[in-house]
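Novice: Quick one: the structure is below, and I'll ask about it shortly.
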Amino acid sequence: NVPIKVMNITKEYMEIVKNPKHPRGRNMNPCIDCRIFTFKKAKEFMEEIGASFVITGEVVGQRPMSQRRQAIITIEKESGLNGLIVRPLSAKFFEPTLPEKAGIIDREKLLDIDGRRRTRQMALAKAIGINDYPCPAGGCLLTDKSFSDRLKDLLKYNPDYDISGLHLLKIGRHFRISDNLKFIVGRDEKENERLMGFSKEGDFIFDIMDIPSAVGLARSSEASPSTLLG
């Protein structure tokens, strides 16, 4: 049931990507709607396991859209978690949460970190012996113009996409041959292998036998050897 559940969540999330309630960023990133969706899922899990509240590593001002103070308040309200999100790194910028009011958490031990610099977080991690943490650089693929353009193409020409179609957006060079035909070329051996791994029945694979070369994948509901080789 896990793959089915994951695909259902993916489809639910993609509806948000296509039709966000709140403004997007520069590309396909619906940051505020994304956070609301994430917190709603966290609330479901919280209730499922019998937890009392949610803890996050949010820092006010660290992300330009979803971590502005007003955006954080909006996200908390619309996710149904009013008073139940504890933010130890930036708690002093918000009203006390329900766990703090109940004496479960000592507010005096919570912090007042803000802004995009990670200096205080890194110093704190070092002080308590945490050395293995993700690099702060990088971010969501939906903020990337190239990836967003590929996603727009998929939504326009293949609205009945599956999980394979989403994975392919991260691989190779993409060419829109016609409304019904997409061609993807691997850029190295690793991408060639990934292309093959995400291929499915009905796809056409182009490879040069016995010679190291790029692998191509053609995907279309109307593809045939005659239309491809024309």
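Novice: If every alpha-carbon in the range 41-98 counts as one equal scatterer, what log10 I(q)/I(0) does Debye give at q = 0.17, 0.25, 0.29 1/Å?
Specialist: For the requested q values the scattering log ratios are -0.53, -1.08, -1.33.
Novice: Okay, next question. Would you tell me the accessible area of Val215, worked out with a 1.4 angstrom probe on the heavy atoms of the protein chains, in Å² to the nearest 10?
Specialist: 10 Å²
Novice: Something else: What order do Met7, Met122, Met28 take when sorted by accessible area (1.4 Å probe), most exposed first?
Specialist: Met122, Met7, Met28
Novice: Here are some pairs, Lys18/Lys145; Lys40/Lys152; Lys21/Lys41; Lys41/Lys170; which of them have Cα atoms lying more than 20 Å apart in this structure?
Specialist: Lys40/Lys152; Lys41/Lys170
Novice: Right, another one. Multiply the residue separation of Ile49 and Leu98 by 0.36 nm, subtract the distance between their alpha-carbon atoms, and state the gained length in nm to one decimal.
Specialist: Extra length from Ile49 to Leu98 when fully extended: 15.8 nm.
Novice: Roughly to the nearest percent, how much of the accessible area of the range 110-230 is carbon and sulfur, given a 1.4 Å probe?
Specialist: That fraction is 55 percent.
Novice: Restricting to Cα pairs below 8 Å that are 6+ residues apart, what does the relative contact order work out to for the range 143-196? Please round to a whole percent.
Specialist: Over the range 143-196, the number comes to 26 percent.
Novice: While we're on this one: Which FRET efficiency value, to the nearest 0.05, is calculated for Asp210 and Ile16 with the Förster distance at 45 angstrom and r the Cβ-Cβ distance?
Specialist: 0.45
Novice: Taking only protein heavy atoms and a 1.4 Å probe, what accessible area per residue, in Å², does the chain have with all protein chains in place?
Specialist: 63 Å²
Novice: Return the Rg/Rh ratio of the range 1-95 with Cα-based radii and a Kirkwood Rh.
Specialist: 0.98
Novice: Now for a different question. Considering only protein heavy atoms and a probe of 1.4 Å, how much of the accessible area of the range 1-79 is carbon and sulfur, as a whole percent?
Specialist: 55 percent
Novice: How would you rank 202-208, 30-36, highest first, on the average number of other Cβ atoms within 10 Å across their residues?
Specialist: With the highest mean Cβ count within 10 Å placed first, the list reads 30-36, 202-208.
The values are calculated or read from the model by the stated rules, or taken from the named source; none is laboratory data. In this text the structure is predicted, and so the values were computed from the model without any measurement. A quick note on method: Cβ atoms are made from the backbone with ideal geometry, for glycine too, and the neighbour counts reach across all protein chains shown. The area values use the complete protein model at the heavy-atom level, side chains included, leaving out ligands, DNA and RNA. Shrake-Rupley method; radii C 1.70, N 1.55, O 1.52, S 1.80 Å.
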